[in-house]
Amino acid sequence: MNFLSGSDSDLEIAVSLLMCGEVVALPTETVYGLAADATNETAVSKIFEAKGRPADNPLIIHISDLEMMKKYTEDIPSVAYRLAENFWPGPLTMILPKKNNIPSIVTGGLDTVAVRMPDNEIMKKVISMTGKPLAAPSANLSGSPSPTTARHVIDDMNGKISAVVDGGECRVGLESTVITFEGYDSVRILRPGFITPEQLRKVVDDVIIDKNISSDEVPEVNEVRSPGMKYTHYSPRARVVLVREGIEMFKKYVSEQTEQDSCSLIFDYDTENFPFKYMTYGSTPEEQAQQLFAKLREADRLGIKTLYVRAPRKEGVGLAVYNRLIRAAGYEVVES
Ligand code: AMP
Ligand code: MG
């Protein structure tokens, strides 16, 4: 595996590997992506192989300008252009009818394709230089926490892909908000992310939050609108227990547990007089988003077997953080 920097000469190498149908991990503002030329079926098949991703879990294609969106998708509603104007480049993914130039392996056989214009200088340059949409799911082994540093990518992908480009820590730290269009001026959020329902409501008349996002119940397989929702996600090796309590009840819960090698993951402002082993993951939802996956990976590195996580409120970006945590916890939630 080649370890590349964001220098012009290294990006030339990344681009030539992509043009030859190889897989290259690239930084984006959300998480690191495992990129391949989305128009090359063989190249895309290597992504599924490296990740061990189920073939029916479709990929997001990453574009660098709206011309690319028009070239590979059709029947684009006017609200999509309005959203693009407000949130692109950025962590918003739109599901649109695909044209035939996107092979069906990218979309898991669906006739729609997920599209995003990322906001990261390296990623933008590489897409423009290849002139192709890049299919890029998160660059982790399927089921594991997404990578937010090049080190995380190496831990999961060394020997399985051609190269990784080191772009430092990801600014957002969680995957994009995924939306689909339903009727006139109406969108449904299939996956919450850094772009919140409140932000979308400023641009779109009607914003529906899919039931699977807001609920603490395991999703019903036949009710899942986005194939990715039915798979295990974001899970470290450690057992994760999500605790929906204020800090005093959280301490009481932890004090009653008898597990060996356990640790708590709490907010920065919870640490005063906290009597148990702990790690922190920021104080605002934005900081929690940025740090969450790195802390889940850190727990594994430290050999922690059980991680008690203080749950954020499901508001603003907190909705997305909560969504990743409840899946990491396999829906194991505690509240009194
Ligand atoms: P990832 O590539 O890991 O960020 O995951 C992409 C997410 O987008 C998964 O949850 C997919 O199920 C979802 N997705 C991608 N394409 C589509 C599509 N055409 N329709 C519905 N959901 C999609
Ligand atoms: Mg992923």
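To the nearest 0.05, what FRET efficiency results for Lys252 and Ser5 with a Förster distance of 56 Å applied to their C-beta separation?
0.70
Once the mean 1/r over all distinct Cα pairs of the chain is inverted, what Kirkwood radius in angstroms do you read off?
Evaluated on the chain, it is 20.3 Å.
Can you pull out the trypsin sites (Lys or Arg not before Pro) in the range 153-223 that DSSP calls coil and that have at most 13 other Cβ atoms within 10 Å?
In loop regions of the range 153-223 (DSSP not H, G, I, E or B), the sparsely surrounded trypsin sites (Lys or Arg not before Pro) are Lys202.
DSSP beta bridges in the chain, what fraction antiparallel, as a percent rounded to 5?
35
Name the longest site-free stretch of the chain, where the excluded sites are chymotrypsin sites (Phe, Trp or Tyr not before Pro) in a DSSP loop with no more than 15 other beta-carbon atoms within 10 Å.
1-183
Say each of Lys202 and Ser336 gets a label point 7 Å from the Cα, pointing the same way as Cα to Cβ; how far apart are those two points in nm?
3.9
7 Å from Cα along Cα→Cβ at both Arg151 and Asp216: what's the point-to-point distance in nm?
3.4
In units of 2.2 N^0.38 Å, what is the alpha-carbon radius of gyration of the range 96-151?
Its radius of gyration relative to the 2.2 N^0.38 Å reference: 1.31.
Computed FRET efficiency, Cβ-Cβ of Glu245 and Asp56, R0 30 Å: what is it to the nearest 0.05?
0.20
Once phi is turned into ³J(HN,Hα) by the Karplus curve 6.51 cos²θ - 1.76 cosθ + 1.60 with θ = phi - 60°, what whole-Hz value does each residue of the range 28-44 show in order, with x for glycine and proline?
10, 6, 8, 9, 5, x, 9, 9, 8, 4, 5, 8, 10, 4, 5, 4, 5
Give the long-range amide H neighbours of Gly33: residues separated by 5 or more places, or on another chain, with amide H under 5 Å away, using H modelled in the peptide plane at 1.01 Å from N.
Distant-sequence amide H within range of Gly33: Leu26, Thr28, Ala139.
Amide H neighbours of Val240 under 5 Å, counting only residues 5+ apart in sequence or on other chains, H built in-plane at 1.01 Å?
Long-range HN contacts for Val240: Leu307.
Can you pull a Stokes-Einstein diffusion coefficient for the range 164-274 at 10 °C (1.306 mPa s), Rh from Kirkwood over Cα pairs, as a whole number of µm²/s?
After rounding, the answer is 90 µm²/s.
Short version: ³J(HN,Hα) in whole Hz for each residue of the range 55-61, in order, from phi by Karplus 6.51 cos²θ - 1.76 cosθ + 1.60 (θ = phi - 60°), x for Gly and Pro, what are they?
For the range 55-61, the Karplus curve yields 5, 8, 9, x, 9, 8, 9 Hz.
Based solely on its DSSP helices, what 222 nm [θ] is calculated for the chain when runs of n ≥ 4 H residues each add -39,500 (n - 2.57) and the sum is averaged over all residues, nearest 500 deg cm²/dmol?
It lands at -9000 deg cm²/dmol.
No lab work stands behind these numbers, since they all come straight from the coordinates. A quick note: this is a predicted structure, and the numbers were derived from the prediction, not measured. Cβ coordinates were reconstructed from backbone atoms using ideal geometry, including for glycine residues, and neighbour counts include every protein chain displayed.
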